[in-house]
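Trainee: Please find one structure pasted underneath; my questions will follow.
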Amino acid sequence: MDGNERGERLERLFRPTYRRVTAYCLRRTGEAAAHDAVAEVYAVAWRRRRQLPADDEEAVLWLLGIARRVLANQERGRRRWARLLLRVAERSEPRPPYGGDSSGAGDDLAVALARLPVSDRELLRLAYWDDLSRAGIASVLGISVGAVDTRMHRARQRLKQHLTTAHPDQAPTKEKEKNHAER
């Protein structure tokens with residue numbers, strides 16, 4: 001498939017993939033930033049259309065991989081901007097970026113997720129919010145399926161730890177686990 005054919009195919013893919021790419025971005029940043037990111041995703045995809053995978057599902061994963069990198073660039077830009085504001089205004093703390101502190105929400109899961117490293121949050125979002133397979137996650141992150149399995153296990157363990165520290169009285173004790181196992 002030559003560059004023109006891939007360009008036409010990318011144009012045909014735009015409509016069926018736009019909502020999915022937009023939803024992916026909205027789950028990771030604020031609305032305005034998400035729409036900016038989506039526009040950038042398709043601009044990057046157009047420039048790199050010769051690399052567009054032939055398979056439609058692979059093409060969607062390719063677009064989500066581009067979205068991931070675009071959002072990472074946006075986040076770096078926001079952090080640089082916050083540091084600049086901090087230096088200029090000599091404030092003690094810059095305003096948190098989109099999706100910052102959610103502790104006021106009272107949602108234990110949101111608080112636990114916010115405490116996880118960015119890489120763990122991204123992995124869990126790809127698996128549970130975006131409903132990608134292990135192979136799909138590997139493709140978006142550019143890692144092996146085995147690495148996905150290892151990172152997923154560790155991310156779940158860290159999430160579980162944050163959830164149990166939020167409510168230590170509800171954490172299973174060895175005696176509770178033993179009684180449950182005997183049933």
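The values are calculated or read from the model by the stated rules, or taken from the named source; none is laboratory data. All values derive from a computational prediction rather than experimental measurement. FYI the Cβ positions are ideal-geometry reconstructions off the backbone, even for glycines, and counts take in every protein chain you see. Surface accessibility is based on the protein's heavy atoms, side chains included, excluding ligands, DNA and RNA. Shrake-Rupley method; radii C 1.70, N 1.55, O 1.52, S 1.80 Å.
Trainee: If I ask for residues that are open to solvent by less than 40 Å² (accessible area, probe 1.4 Å), free of Cβ contacts under 8 Å to residues at least 40 places away in the same chain and not β-branched (Val, Ile, Thr), which ones from region 147-166 would you list?
Mentor: Those that are open to solvent by less than 40 Å² (accessible area, probe 1.4 Å), free of Cβ contacts under 8 Å to residues at least 40 places away in the same chain and not β-branched (Val, Ile, Thr): ALA147, MET152, ALA155.
Trainee: Could you tell me which residue of region 92-131 is least open to solvent (accessible area, probe 1.4 Å), considering only residues that are touching a Leu at 6+ places or on another chain (Cβ under 6 Å) and either over 17 Å from MET152 (Cβ atoms) or modelled with pLDDT under 85 (or both)?
Mentor: That would be ALA112.
Trainee: In addition: Given the residues GLU5, GLU57, which is the only one that is open to solvent by 80 Å² or more (accessible area, probe 1.4 Å), part of a helix (DSSP H, G or I) and at pLDDT 90 or above?
Mentor: GLU57
Trainee: Quick check on my filter: what residues within region 128-147 are in a helix (DSSP H, G or I), under 14 Å from the mean Cα position of the chain (by Cα) and not aromatic (Phe, Trp, Tyr)?
Mentor: GLY136, ILE137, ALA138, SER139, VAL140, LEU141
Trainee: Could you check region 25-35 and list, in sequence order, the residues that are in contact (Cβ under 8 Å) with a residue 12 or more places away in the chain and either more than 18 Å from GLY65 (Cβ to Cβ) or among the aliphatic types (A, V, I, L, M) (or both)?
Mentor: Correct list: GLY30, ALA33, ALA34, HIS35.
Trainee: Further, regarding this structure: Within region 36-77, work out how many residues are over 20 Å from TRP129 (Cα atoms), touching a residue at least 40 places away in the same chain (Cβ under 8 Å) and touching a Gly at 6+ places or on another chain (Cβ under 8 Å).
Mentor: 2
Trainee: Another one. Kindly list the number of the only condition in (1) at pLDDT 85 or above; (2) open to solvent by 80 Å² or more (accessible area, probe 1.4 Å); (3) on the phi > 0 side of the Ramachandran plot; (4) not basic (Lys, Arg) that fails for GLY142.
Mentor: (2)
Trainee: Just give me the residues in region 25-48 being of a type outside the set (A, V, I, L, M) and surrounded by fewer than 18 Cβ atoms within 10 Å (Cβ to Cβ), in sequence order.
Mentor: Result: ARG27, GLY30, GLU31, HIS35, ASP36, TRP46, ARG47, ARG48.
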